[in-house]
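All of the numbers you see were taken from the coordinates with simple rules; none came from a lab. Treat the numbers as computed from the prediction; the structure is a model and nothing was measured. Neighbour counts are summed over all protein chains in view; Cβ atoms, including those assigned to glycine, are modelled from backbone coordinates with ideal geometry.
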Amino acid sequence: MNRMLFLLTLTVISSLHLRDACSTEPIVIDQQRELFVDDHLVQTTDGITFQLHQAEPREVILVTDKPWEGNTCAYYTIFQDGDKYRMYYRGSHWDENAKRATHPEVVCYAESTDGIDWQKPELGICEFEGSTVNNIVWNGVGTHNFTPFKDTNPKCKPEAKYKALGRGRSLRPGDKSSKHGLFAFQSADGLHWKLMQETPVITEGAFDSQNLAFYDPIQKQYCDYHRWFNQGVRDIMVCTSNDFLNWTKPVGLQYDDARKEHLYTNAIQRYPRAPHFFIGFPTRYLPNQGQRVEPILMTSRDGLHFKRWAEPVIPETAPKDRRGNRSNYMTWGLVQLPGNQREYSVYATEAYYTGPDSRVRRFSYRVDGFVSAHAAETKGHLTTRPLTFQGNALELNLVTADTGSITVEIQDLDGKPIPGFSLKDCEPCTGDSISQKVVWKNNPELQVLADRPVQLKFAIRDGDLYSFQFIAQP
């Protein structure tokens, strides 16, 4: 896609985004799972607050205690690959007394079968201080922020099954005009890596961060998110490619608020349970507060316009050694562990610079549990904008107190309950469930409303609603 076509695509997306925000045309959701991480579907609320939820701290899963690792290991990437979880990260150490690095930066690898117990295999690939008995997979250009992914492009060649970006400068001898930029890498097995070309593939931006890319099956192209300086503030750019080598001109992300804050890493990906959402955990950098960092949540439906939530999702008190300079980075990765379909695991660093090592800790989220529509003991109501759906059943992801409940009404476009689907007809949904079916008395046929423009009204008492989804039941 050339630059003009890319910008035209973004303009069309932006126009649709603005039109949807202002139009009374029904929103087609079909059987998409809808979360409350934005207000795209919300028309009115009464007594409802939207609550950001923090990730729950779990166990330390990695300590960087090898001679080629150290206290400034960073820019972790974690993803599931079949029955294995893969982790890539920078191995580096900083001597705070001498104010210098103690060894060259390298790219390290770890793997796990459960996402909790991680091994550092002795790979025999790269030499460190005369030995290849280590877990280093790359020690050439790009080691500072080498960020891999598994390529799901159906047209991907076997030798490029895994790809990565990493910062560096042109390797061509005598190329005095070369700029810093992002190099492209490929691998057949995720362990043995090589450059795809000797010059950077992306050169516009500021690349001292975790700059990432992935294949987007919805847009059917590669997406890159990397750092730049937006009027002196660290920010995020996006560009796209059909072949991972030729990229469109990057454009800056747009936000729903006017906050000027430094965003370092971005950790953006499609959300697996609702892939029409992009979800990111950018690291907010606070240079005037001891250079501390904290991850926040941001979400998007088009990959360009993002809603940012102000509060951190992993505060520096969760649970320790996160107050220091750059000691609270979120890794790039959102994975489900074996046998646990109720949670997602995310990971974050701690004890950066404090030494002699640094650590990675696992955190967990309830599935869809980033933001909830919440009401206290006094019942609250939320009404959606007009929408159309497909299916014959409605499921909710919810938690209520013992005295709480959630009921659902389906309305016509005049706001009147459709017979059989009123709040009074709805059996209260209670408890803790990620997929509780909504039942109306006398079991009216929900299927007859499919494709008909309707509104949903949720009545919430002492509970939280995280998401809803229309499904087709046998």
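Here P(r) over Cα pairs in 20 Å bins from 0, in percent was computed from the coordinates, and among [x] 25, 57, 18, 0; [y] 21, 51, 27, 1; [z] 23, 53, 22, 2 the match is [z]. When only Cα pairs below 8 angstrom with a gap of at least 6 residues are kept, region 184-333 shows a relative contact order of 15 percent. Our estimate of slack between D257 and D114, defined as 0.36 nm per intervening residue step minus the Cα-Cα distance, is 47.6 nm.
Distance between the 7 Å Cα→Cβ label points at Q54 and E122: 4.2 nm.
To the nearest Å, what is the center-to-center distance of region 74-121 and region 404-438, using C-alpha atoms only? That distance is 48 Å.
Taking K and R as +1 and D and E as -1, what net charge do the other residues with C-beta under 10 Å from the C-beta of H374 add up to? Charge balance near H374 sits at -2.
Short-range pairs are left out: with C-alpha atoms under 8 Å and at least six residues apart, the relative contact order of the chain is 17 percent. Coupling constants for region 36-48 follow from the phi torsions by the Karplus curve (6.51 cos²θ - 1.76 cosθ + 1.60, θ = phi - 60°), and in residue order they are 9, 7, 8, 9, 4, 9, 8, 9, 9, 9, 8, x, 10 Hz; glycine and proline get x. Can you tell me the FRET efficiency between T354 and L413 if r is taken as the Cβ-Cβ distance and R0 is 60 Å, rounded to the nearest 0.05? For T354 and L413, the calculated efficiency is 0.50.
Once the Cα atoms are used to define both axes, helix 3-22 deviates from the longest principal axis of the chain by about 30 degrees.
Listed peptides 44-52, 136-144 appear in the order 136-144, 44-52 once ranked by packing, highest mean of other Cβ atoms within 10 Å at the front.
Each residue in C156, C73 was given a count of other beta-carbon atoms within 10 angstrom of its own, and listing them fewest first yields C156, C73.
A full extension of the chain between N230 and K84 corresponds to an added length of 48.7 nm, given 0.36 nm per residue minus the alpha carbon distance. Extending 7 Å from the Cα toward the beta-carbon at both D30 and Q473 defines two label points whose distance is 2.2 nm. You can think of it this way: the chain between A188 and Q289 has 32.0 nm of extra reach, that is 0.36 nm per residue less the Cα-Cα gap.
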